[in-house]
Amino acid sequence: MSQARPAELPAAVPRRARLAGIGGWWGWAVAIPALTLAAFLLALRAGQDQVRTGARQRLVIAEAVLRTTVDRYRSLPTVLALDTQVQDLLAAPGASGAAAVNAKFEAIARASGVAAIYLMDARGLTLAASNWNQPLSFVGSSYAYRPYFLDALATGASRYFGIGTTTQQPGLFIGQAVEARGDRQGGGVAGVVVVKVDLEGLEGEWRRAGEQILVSDAAGIVFLASEPGWKYRPFRPLTVPETDRIRTARQYGDSDLRPLLADGPPDPGGTIRLPSAGGAGHGLVEPVAMPDLGWTLWTIAPTGAAWRQGVLVAAATGIAGLALAFALAAASQKRQRLRAEQSMRLSLERRVAERTHDLSEANARLRAEMAERERATTALRATQDELIHAGRLAALGQISTAINHEINQPLAALRTFLASTVLFLERGDQATVRRNLQRMTEVTQRIAEIIRHLKDFARKTGPEHREPVRLASAAEAALDLLRVRLRADGVAVDCRIPPDALVRAEPVRLEQVILNLMVNALDAMRDVPERRLDLCATRETSDGSAPSWRLDVADNGSGIAPEHLGQIFDPFFTTKPAGEGLGLGLSLSSLIVRDLKGSLTAGNGAQGAVLTLVLPAAEA
Ligand code: ADP
């Protein structure tokens with residue numbers, strides 16, 4: 001039988017797959033944070049771009065509003081410089097002229113919404129002002145040192161943002177030189193008209209709109225801002241000459257000009273963090289230049305929303321990545337499990353196929369062996385039959401002398417009867433002739449009987465033929481074959497077999513067994529003067545088994561030596577001289593008895609041997 005291979009059941013999750021799984025987890029552990037970071041950066045970038053775009057749009061609007069505010073009053077001083085009353089007052093300063101101009105300026109200022117309108121002579125002394133009747137009136141004050149006066153004198157017009165020295169109110173000063181009358185061709189300047197525009201309203205609007213807007217001048221000093229704390233402070237630390245110039249012109253009053261940033265002006269498009277109480281002043285900074293004014297408008301856009309958007313997108317990406325990783329891991333585990341199950345099923349199927357193959361091979365071998373054995377048994381049976389038959393012929397051979405004598409004797413008698421019958425016939429003794437003929441018939445019958453018996457005994461028989469046989473008949477038949485020898489040896493035979501002793505047997509073979517036992521007994525009694533042969537049958541009924549008949553064949557011969565008791569049934573075991581015994585009688589007899597489901601045993605009696613034959617009883 002081929003050796004079944006040891007079980008090759010795969011582990012639930014193969015090692016390679018487990019390693020791949022671990023590798024996969026490492027991959028995810030790197031990929032998810034990387035993806036999250038990338039998503040965060042992209043979202044932040046997009047958010048910042050959005051913030052920047054919005055800031056630029058608002059910046060455009062803020063610039064337009066500022067420019068509109070500045071430009072709205074641009075022509076007002078020019079118009080006023082052409083006014084005759086103004087020119088008259090400059091030509092001839094006096095109380096009445098001043099009163100008229102004062103009233104005019106006051107009315108125009110109120111109507112146009114400017115902070116103040118005033119007129120200075122060529123030396124910078126204020127002759128008339130819209131606030132002539134207010135406590136902080138400009139009338140009588142000299143602003144000769146103020147840049148807007150000096151610029152107007154020098155160039156004819158000026159624009160200047162600064163803190164008012166009188167009112168301490170900041171404003172945009174728009175100056176226009178007034179040419180001296182009658183001196184038009186010479187171009188002399190008689191004075192300067194100044195319109196002061198209040199820009200602080202814009203700051204309020206920016207604050208209300210939540211905008212963070214600053215306006216810085218050419219020196220980088222913030223002068224308008226949505227947050228008051230940022231005003232009148234430069235973005236960067238100022239040099240000493242710059243500080244001196246601003247102080248001299250009193251542009252920003254008494255402001256200490258503390259810088260807003262330690263390291264220079266803001267980087268356009270970058271981020272800025274200005275000092276502020278409410279967390280304002282931090283975000284992306286976008287500038288727009290107003291070159292004609294020398295100003296720069298700045299807006300600061302908070303980036304908190306962009307950061308929040310980045311964090312949200314990053315969180316969503318991270319969660320989605322984790323969910324994907326888990327989903328893929330679950331799917332991969334399911335695939336691995338299915339693969340493992342399939343491989344286990346295949347392995348099982350393979351093993352079952354191998355076992356089935358082995359089994360059918362073993363089956364075929366077994367069938368072949370059985371057939372072989374059957375053939376061998378049949379051959380053995382045939383050989384045994386031949387052997388038994390040969391043994392019977394051998395037994396016949398052993399008693400052939402006696403048989404010869406058995407037939408010769410009646411033949412001799414027949415011859416004697418024939419001779420005497422002829423004489424009695426010649427004598428005419430009819431009665432004696434008839435009696436002799438009768439005797440001769442009997443003798444021929446006896447011869448025919450003997451020959452029939454011999455023929456029967458010598459014929460081939462098979463073990464399969466069984467019939468109820470009288471033990472007594474079988475013993476009688478054997479005794480009949482031995483009659484001559486028994487008589488010659490002077491053996492006293494005592495046969496005690498009940499007529500109802502019936503056994504199931506093949507009659508000729510049973511007779512062969514009994515004949516063998518008797519021949520052995522006669523041989524063993526050779527040296528005994530008074531020979532006795534006892535045949536005794538008894539019925540045996542032991543509990544639980546079928547009834548049987550026991551036949552003891554006892555003699556008063558030499559007996560069986562104790563050391564031979566275990567060997568006498570072996571083939572070719574004999575103690576008889578060469579030429580007398582083959583050593584096959586008992587072994588063939590026990591073979592026959594075994595076939596008949598009986599037993600044959602040997603022992604010693606008080607005198608001589610006792611051979612015991614037991615056969616199943618048959619019903620009549
Ligand atoms: P054989 O008669 O050719 O020797 P058997 O098988 O019939 O072969 O007998 C074997 C031997 O058993 C005999 O040689 C003899 O020694 C012994 N034996 C058989 N029957 C008797 C008996 N009745 N008494 C003593 N010895 C016996």
Accessible surface, per residue, of the chain when the full set of protein chains is kept, probe 1.4 Å, Å²
54
Cross-link partners of K231 among lysines (Cα-Cα below 25 Å; sequence separation of 8 or more within a chain):
K196
Quick one: what are the phi-derived ³J(HN,Hα) couplings along the stretch 287-294, Karplus 6.51/-1.76/1.60 with θ = phi - 60°, whole Hz, x for glycine and proline?
x, 9, 8, 10, x, 5, 9, x
With Cα coordinates, the longest principal axis of the chain makes an angle with the long axis of helix 95-112, in degrees rounded to 10, of 20
What FRET efficiency, computed as 1/(1 + (r/R0)^6) with R0 = 35 Å and r the Cβ-Cβ distance, is obtained for D88 and T166, rounded to the nearest 0.05?
0.90
As a test of the definition: which semi-axes, in Å, follow for the chain when you take the square root of five times each eigenvalue of its alpha carbon gyration tensor? Largest first, please.
172, 20, 17
Amide hydrogen neighbours beyond the local backbone of A128, cut-off 5 Å, H modeled:
L119
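Pop the C-beta distance of R594 and E449 into the FRET formula with R0 = 30 Å and round what comes out to the nearest 0.05.
Between R594 and E449 the formula returns 0.40.
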Just subtract the alpha-carbon distance of R367 and R250 from 0.36 nm times their residue separation and send over the number in nm, one decimal.
29.1 nm
Please find the FRET efficiency linking E467 to V422, where r is the Cβ-Cβ separation and R0 is fixed at 56 Å, and quote it to the nearest 0.05.
0.75
Ignoring ligands and nucleic acids, V86 exposes an accessible area, probe 1.4 Å, in Å² to the nearest 10, of 0
V491 accessible area, 1.4 Å probe, all protein chains in place, Å² to nearest 10
20
When all protein chains stay in place, what accessible area (Å², nearest 10, 1.4 Å probe) is found for S96?
100
Of the chain, which part is the longest with no trypsin sites (Lys or Arg not before Pro) in a loop (DSSP not H, G, I, E, B) and with at most 11 other C-beta atoms within 10 angstrom?
185-458
Tell me, in nm to one decimal, what length is gained between R335 and S141 on full extension, where the rule is 0.36 nm per residue of separation less the Cα-Cα distance?
60.3 nm
For the stretch 393-473, listing GluC sites (Glu not before Pro) in a DSSP loop whose Cβ sees at most 16 other Cβ atoms within 10 Å gives E464
Coil-residue GluC sites (Glu not before Pro) of the stretch 498-602, DSSP, other Cβ within 10 Å capped at 15:
E530, E580
Relative contact order for the chain: what is it in percent, counting Cα pairs under 8 Å that are at least 6 residues apart?
10
Along the dipole axis of the chain (charges at Cβ: +1 for Lys and Arg, -1 for Asp and Glu; origin at the Cα centre), the most positive-end residue among A115, G581, Q430 is A115
Determine which aspartates and glutamates satisfy two conditions relative to K104: a Cα distance under 16 Å, and not lying fewer than 8 residues away in the same chain.
D83, D88
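The values are calculated or read from the model by the stated rules, or taken from the named source; none is laboratory data. All figures in this text were calculated on a predicted structure; none of them were measured in a lab. Every residue, glycine as well, gets a Cβ built from its backbone with ideal geometry; the counts of neighbours run over all protein chains shown. The area values use the complete protein model at the heavy-atom level, side chains included, leaving out ligands, DNA and RNA. Shrake-Rupley method; radii C 1.70, N 1.55, O 1.52, S 1.80 Å.
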